[in-house]
Structures are given as structure tokens and as C-alpha cells.
Ligand SMILES: Cc1cc2nc3c(=O)[nH]c(=O)nc-3n(C[C@H](O)[C@H](O)[C@H](O)COP(=O)(O)OP(=O)(O)OC[C@H]3O[C@@H](n4cnc5c(N)ncnc54)[C@H](O)[C@@H]3O)c2cc1C
């Protein structure tokens with residue numbers, strides 16, 4: 001095997017001292033690697049490399065080893081860049097054009113202290129970046145970063161030897177390799193043992209904020225969110241959703257709701273702790289989750305009241321958080337013409353968001369869906385996949401795959417509205433939404449005392465990554481309590497069985513439907529976007545000594 005190294009510069013490792021360069025050249029020669037300096041590549045075809053001096057070379061495999069290049073989109077960002085296209089920043093790491101935009105590491109160049117793109121510079125910028133991001137939000141002074149001029153470079157030479165370079169100093173040998181190996185392993189070990197949980201968003205993480213909360217926060221109405229933050233957030237949301245938001249000028253202490261003549265209204269409430277850190281997405285999930293109770297009853301939403309606990313923070317941050325949370329919810333309410341009538345907001349140690357929702361029957365004849373109305377012989381249909389409990393438990397331990405979390409969020413953002421509509425069209429006998437008690441807990445609530453359900457574990461729709469997470473023994477806090485509710489036959493360890501106890505957020509509808517309509521309803525659900533909808537079991541009679549559930 002022949003290896004050849006073409007280098008565009010007149011010599012390799014131009015920033016290194018002559019002894020280090022010589023050590024690397026010796027190592028290349030010892031390894032039989034031919035070196036051609038001053039050989040700029042002009043073009044590459046399949047199997048051939050063309051140099052600017054007219055020479056060419058054939059190859060079987062080509063490794064391009066180039067320096068960092070700026071991302072193309074930066075040129076269109078409107079931010080000033082250096083000659084190579086990297087974002088130009090001040091020593092505070094702020095863009096020259098927008099003080100709220102920070103850039104550090106390979107994407108940026110400090111205008112007054114430019115340095116090559118290397119991790120050794122990036123890591124030292126990180127603490128300054130973290131400090132300045134926080135302080136710019138608090139209106140406090142920013143720190144300036146002075147990058148070091150020199151750094152220790154340890155280059156592996158193969159054969160467990162390495163060379164060290166720092167300014168005029170250079171050393172080569174096996175001991176340098178052991179030194180490098182120790183440093184590299186210690187660095188990587190810091191990422192192998194991550195803290196078991198994400199840091200909680202408590203005010204001590206922003207010690208500066210404690211100045212405002214040096215006293216123990218008040219209880220009762222003293223814990224309300226400041227009037228200004230609330231007014232400002234609502235005023236901005238009202239500009240965007242004028243029909244759906246309360247008019248502060250006309251607001252009374254209680255909202256007035258018209259009652260449909262001779263009709264009925266349905267009410268429900270659901271509140272969630274923070275599940276995702278993006279407040280807008282959190283608002284959408286909480287809204288969907290609360291509305292699901294109405295859909296499970298065959299109702300469409302008319303109005304909602306928000307119940308919000310905002311983490312202790314500076315008023316400006318609380319206003320922004322509130323606006324994002326309610327903005328997310330309003331994005332869900334808008335297509336349904338569901339009004340946000342008002343609500344109540346508190347300050348507390350952690351975020352919670354929920355909605356009390358009012359609705360009216362979806363069916364023009366006033367027919368509703370009920371939980372306890374299953375009929376023997378009914379098929380059981382589940383509209384959305386299971387697994388949010390275990391996936392988010394894993395996410396909190398920093399062990400989940402981001403793609404699995406994305407899929408779980410997409411599932412939670414899918415409204416059950418169309419599923420409820422189709423359930424009514426196909427004469428579903430009973431319905432509920434699957435949430436905190438898990439599939440089995442909610443199914444138990446649907447069964448009459450003389451009824452039992454047989455469930456096919458293989459048919460259960462599952463979110464990607466959920467079975468692996470359950471197989472790894474990662475359960476949500478509610479899992480054990482759900483499993484302890486009893487009446488489920490014991491079985492060998494099986495992640496699909498554990499799925500029955502996994503608590504869901506904004507989960508699917510569990511429907512009972514006559515066997516003759518089940519396949520058609522399932523098909524129409526899939527066509528309506530519930531791609532994982534599945535028939536998962538059926539309802540039968542149960543003798544007094546028999547279990548409520550039979551698993552197949
Ligand atoms: C093979 C190799 C060896 C190196 N060896 C060394 C060395 O020994 N010593 C040294 O000091 N430096 C070394 N470097 C350079 C060093 O890795 C970089 O300078 C450093 O990682 C820069 O850190 P950063 O955080 O700015 O960027 P990165 O570490 O590149 O991180 C940027 C992150 O942004 C993500 N990202 C990119 N685009 C998007 C997008 N549109 N949306 C969301 N995320 C996005 C990327 O996936 C990536 O995770 C080496 C580089 C390479 C490639």
C-alpha cells in the first residue's frame with residue numbers, strides 16, 4: 001500500500017517550530033508516507049488528482065483534510081463576517097451588528113484578536129460566552145475574552161510516539177504519547193459520566209436574580225406573577241390573536257360565556273409540569289393535552305382558562321416566558337376558534353402549565369362519547385403510539401436519542417380532534433384519552449365489572465426508542481404506581497408488557513368500536529394522519545374469579 005500526502009503550503013505544520021516539524025517528517029518517512037509540499041490540488045476526478053503545477057496522481061482512496069470553512073448561510077445572515085466568511089465578533093463575543101447575537105468557536109473570528117480555528121481556543125471562549133449570555137439578559141456588564149497566543153500541541157506520530165510543540169519548546173518520544181493519552185482520556189471521561197439528571201432550572205442557577213428574591217417568596221396571592229409582566233405578555237398576544245385573547249380594557253373578574261340554547265357544555269382541566277424546555281412547544285403540548293379530555297368525550301372546544309406557574313425570574317424573563325407559553329397554546333386554539341378567556345398565574349420553583357377547557361358536543365345531534373360504555377365483542381382501537389413516559393425519563397437522564405424525542409414531541413402535538421370526529425362517525429361505543437395512568441390504567445376505567453379485555457402486545461403501536469428504553473429498565477415516576485394497580489396477569493419480563501403501564505402525555509384516544517366497523521375506522525384514522533392507529537384488543541365477558549386483562 002502506498003500513501004502520499006499532498007500539502008498546498010510550502011511546508012507542513014506552519015504554526016509549529018522547526019524541531020516539531022522535523023519530528024513529524026521523520027515519522028512520515030518511517031511510516032513510508034511520501035510527502036509533497038507546495039502541491040496544491042486543483043481538481044479531483046474519479047481516481048485522479050490534478051495539481052496546479054500540471055502533475056497528476058492516481059488514487060484508490062482519497063482523504064481530504066482541510067481547515068475549517070465558514071457555513072454558506074452566514075453570508076446571507078446580514079451579520080458582518082471576516083474575509084473568510086466567519087462571523088465577526090467583539091471581544092465580548094457579540095456580533096458587530098447585533099448585541100443579542102453571540103458567536104464563539106469555529107463559526108466566529110474575534111475581530112481584534114483573530115486566532116486559527118481550533119478547539120483549544122473554542123473551549124476557553126465557552127465560560128465567557130455563558131457569562132455574557134446570562135448578563136446581557138440581566139442588563140449587567142459583559143466580560144471581554146483575550147485568547148491565549150500560544151497553546152501546547154501534542155501530535156500523535158503513530159507507534160505510540162508523539163511530539164509536543166509550544167512556542168520554541170519541542171519534545172518527541174513515547175513519554176509524550178503517554179502524556180497525550182492521559183490528557184485525552186481524562187477529557188473524554190468527563191463526557192462519559194454525565195450528571196444523572198438535567199440541571200433543574202432553580203433560581204440559584206441565576207444567583208443574580210436572587211437579589212430580587214432574597215426574601216422567602218410569599219404564598220397566597222403574593223405569589224402571583226407581576227401585573228406588568230402579565231399585562232405586557234397579554235397585550236402582545238392580543239395583537240396577534242385579537243379574537244381569541246381577553247381584552248384587558250373590558251375584562252371583569254370572571255369571564256362571561258354564552259350558554260347554547262337548550263344545549264350542554266363540557267368542562268375539564270389538565271396541568272403539566274415542564275416536559276420540554278422550549279416554552280412555545282410546551283404551550284402547544286399543554287393545550288393539546290388539556291383539549292384531549294374534550295375530544296375523548298366527543299366535544300369540540302369553545303374556550304379555555306390558563307393555569308400557569310412561572311419559575312422565579314426577572315420580570316422581563318417571566319413576561320417573555322409567559323408570552324411564549326400562551327403563544328404556543330393560542331397557535332393550537334386558533335384553528336379551533338377556541339377563546340383564551342383568562343387564567344391565573346403564579347410564581348414558583350418550577351414551571352407548570354395547564355388549561356381548564358370548555359366545549360360543546362361535536363355531533364350536531366348532541367351525541368357524546370362516554371368512558372364506561374363498552375359492549376362485549378367491541379374491538380379496542382388506539383390512535384397514537386405509546387412510550388412518552390419512558391422516553392422522557394431517559395431524556396432527563398440525558399440518555400435519549402434526539403430523533404426519538406423529536407418523534408415523541410410530534411406525537412404529542414398531534415391533536416385528537418379528527419380521531420374524535422371519526423369515532424363519532426363510526427358509532428364508537430366508548431372512548432377515553434390515554435394519559436398519566438397508562439394504557440392499562442385508563443382501560444381499567446372503561447371496563448364494567450363483568451367485562452374483561454384481551455390485549456395483543458404485538459399490536460400495540462410504539463414510539464421509536466421506547467421499547468429499548470423500557471428494556472434498559474428506564475421507567476417514568478408513575479410507572480410503578482400504574483403497574484401496582486393490579487388485575488394484570490404476571491408475565492415474563494417483556495418491554496411490551498411494561499408499555500401498558502407507561503404514563504403518556506397528550507396520548508392517543510382509546511376507542512371501543514363494533515368489530516364490524518373496526519378495520520374501516522382504523523383505516524380512516526390512518527388516512528387522517530394517525531399513522532400508528534391500530535386495533536389492539538377486544539372486550540369479552542369476565543367471570544368473578546377471572547383477571548380483567550388477558551395478554552396475548
Ligand atoms: C478531525 C479533527 C481533529 C481536530 N483535532 C483538534 C485538536 O487536536 N485540538 C484542537 O484544539 N482542535 C482540534 N480540532 C478542531 C476542533 O474540533 C474545533 O475547533 C472545535 O470543535 C470547534 O468547536 P465549536 O463548538 O465551535 O464547533 P463544533 O465542535 O464543530 O460544534 C458545532 C456543533 O454545531 C452543530 N451544528 C452545525 N450546524 C448546525 C445547524 N444548522 N443546526 C444545529 N446544529 C448545528 C454541529 O453538529 C456540531 O455539533 C479538530 C477538528 C477536526 C475536524
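Using Cβ contacts closer than 10 Å as the measure, can you line up 52, 505 from fewest to most?
Numbers: 52 12, 505 25.
Ordered from fewest to most neighbouring Cβ atoms within 10 Å, 52, 505 come out as 52, 505.
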Notebook entry, point to check: Relative to a virtual label point 7 Å from the Cα of residue 144 in the Cα→beta-carbon direction, which members of the stretch 77-93 show backbone nitrogen distances below 12 Å?
Noted result: 90-93
Next item on the list: Taking just the C-alpha trace of the stretch 400-552, give me its Rg and Dmax in Å.
Entry: 15.4, 47
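Nearest 500 deg cm²/dmol is fine: what mean residue ellipticity at 222 nm does the chain get from its DSSP H runs of n ≥ 4 alone, each adding -39,500 (n - 2.57), divided by its residue count? Provide the component values of the computation, followed by the final result.
Values: 14 runs with 170 residues, N = 552.
Only helices count here, giving -9500 deg cm²/dmol.
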Item checked: Contact order relative to length of the chain, as percent, for alpha carbon pairs under 8 angstrom and 6 or more apart -> 12 percent
Notebook entry, point to check: Between the stretch 25-45 and the stretch 309-338, what is the C-alpha centre distance in whole Å?
Noted result: 59 Å
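If packing is taken as the average number of other Cβ atoms within 10 Å across a peptide's residues, how do 302-310, 420-428 rank, most packed first? The partial results should precede the final answer.
Working: 302-310: 22.8, 420-428: 20.2.
Descending mean neighbour count gives 302-310, 420-428.
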Next item on the list: Would you mind ranking 259, 276 by Cβ crowding within 10 Å, fewest neighbours first?
Entry: 259, 276
Next item on the list: Take every Cα-Cα distance within the chain, group them into 20 Å bins from 0 onward, and report for each bin the whole-number percent of pairs it holds.
Entry: 16, 37, 29, 16, 1
Checklist line | C-alpha long axis of helix 315-333 to longest principal axis of the chain, angle in ° | finding: 60 degrees
Note to self: What FRET efficiency comes out for residue 6 versus residue 30 if R0 is 30 angstrom and r is the Cβ-Cβ distance? Round to the nearest 0.05.
What the structure shows: 0.95
Check: Which order results if 380, 351 are arranged by neighbouring Cβ count within 10 Å, fewest first?
Finding: 351, 380
Margin query: Over 5 Å intervals from 0, what percent of Cα-Cα pairs in the stretch 73-119 sits in each interval?
Written below: 5, 26, 38, 23, 8, 0
Next item on the list: For a label point 7 Å from the Cα of residue 179 along Cα→C-beta, name the residues of the stretch 1-28 whose backbone N is under 17 Å from it.
Entry: 16-24
Next item on the list: May I ask for the angle, rounded to the nearest 10°, between helix 515-527 and the longest principal axis of the chain, with both axes built from Cα atoms and the value confined to 0 to 90°?
Entry: 40 degrees
Item checked: For a label point 7 Å along the Cα-to-beta-carbon line of residue 61, residues of the stretch 18-47 with backbone N under 19 Å -> 28, 31-35, 45-47
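Compare the peptides 472-481, 135-144 by average per-residue count of other Cβ atoms within 10 angstrom and give them in order, highest first. Could you put the intermediate results ahead of the total?
Values: 472-481: 16.2, 135-144: 14.0.
Descending mean neighbour count gives 472-481, 135-144.
Based on the mean of other Cβ atoms within 10 Å per residue, sort peptides 412-418, 158-164 so the most packed one is first. Walk me through the intermediate numbers first.
Working: 412-418: 20.1, 158-164: 17.9.
Descending mean neighbour count gives 412-418, 158-164.
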Checklist line | Residues residue 53 and residue 126, FRET efficiency given R0 of 60 Å [Cβ-Cβ distance, rounded to 0.05] | finding: 0.90
Margin query: Between 0 and 90 degrees, rounded to the nearest ten: what's the tilt of helix 227-240 against the longest Cα principal axis of the chain?
Written below: 90 degrees
Item checked: Inter-centroid distance (Cα atoms) of the stretch 417-494 relative to the stretch 64-83, Å -> 50 Å
Check: What is the extension gain from residue 261 to residue 346, computed as 0.36 nm multiplied by their sequence separation minus the C-alpha to C-alpha distance, in nm to one decimal?
Finding: 27.0 nm
Margin query: Report the per residue volume, in Å³, of the convex hull enclosing the C-alpha atoms of the stretch 426-495.
Written below: 127 Å³
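Suppose R0 equals 35 Å; then what is the FRET efficiency for residue 231 and residue 413 from their Cβ-Cβ distance, rounded to the nearest 0.05?
Numbers: r = 29 Å, r/R0 = 0.83.
After rounding to 0.05, the efficiency reads 0.75.
Every number here is computed from the coordinates shown, using simple stated rules; none is lab data. The structure displayed is predicted, hence computed values, not measured ones. When we count neighbours, we look across all protein chains shown, and the Cβ atoms used for this are built from the backbone with ideal geometry, even at glycine.
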